[in-house]
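The values are calculated or read from the model by the stated rules, or taken from the named source; none is laboratory data. Since this is a predicted model, take the numbers as computed values, not measurements.
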Amino acid sequence: MPCKHAVASIWNLGDNSGDVGVPEHWVNPVYFLDTWRRTYAFTIKPINGRSMWQKPSATKLLPPKTVASAGRPKKSRRKGMDEKVSMNKGGKLSREGKRITCGTCGELGHNKRGCTSGSQNVGTKRKAGGSTSGTKKKKK
């Protein structure tokens, strides 16, 4: 249906040149009742089950080719329902209930950093040569 601006233009055209024709001349035929009737005049008859379907041709559909997306791939392992997940640590498993042992003395309840059992070089890494101090010995 024409909008109010188009109707005003049609009236102006009729006032100036005289012959604009019938109003249906300015409406698209899609909006006529006769067009609707012709569109839905045909009936679609249902088919009783798959046995009456037409057999498809022997065309084999292949999956689309995949391209590796940019970025780091997702983890292939998904955590099970029984695994404890801490939401406040970004989905990492918590250390709750784990037993911590010291790497120096082997006792439970603390680590190397908090060890107080007689070792004077706590927190320093030992060298492969057995020296616990950070300085190298000079050869004479």
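Can you find a residue that is more than 46 Å from the chain's Cα centre (by Cα), among the β-branched types (Val, Ile, Thr) and at pLDDT below 85 anywhere in the range 97-111? Can you show your working first?
Applying the first criterion (more than 46 Å from the chain's Cα centre (by Cα)) to the range 97-111 yields 104-107.
Still in the list and also among the β-branched types (Val, Ile, Thr): 104.
After this cut, where a residue has to be at pLDDT below 85 as well, the list is none.
So far as the range 97-111 goes, no, none of its residues is more than 46 Å from the chain's Cα centre (by Cα), among the β-branched types (Val, Ile, Thr) and at pLDDT below 85.
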Any idea which residue in the range 1-39 is modelled with the lowest pLDDT, counting only those that are of a type in the set (D, E, K, R) and part of a helix (DSSP H, G or I)? Glu24
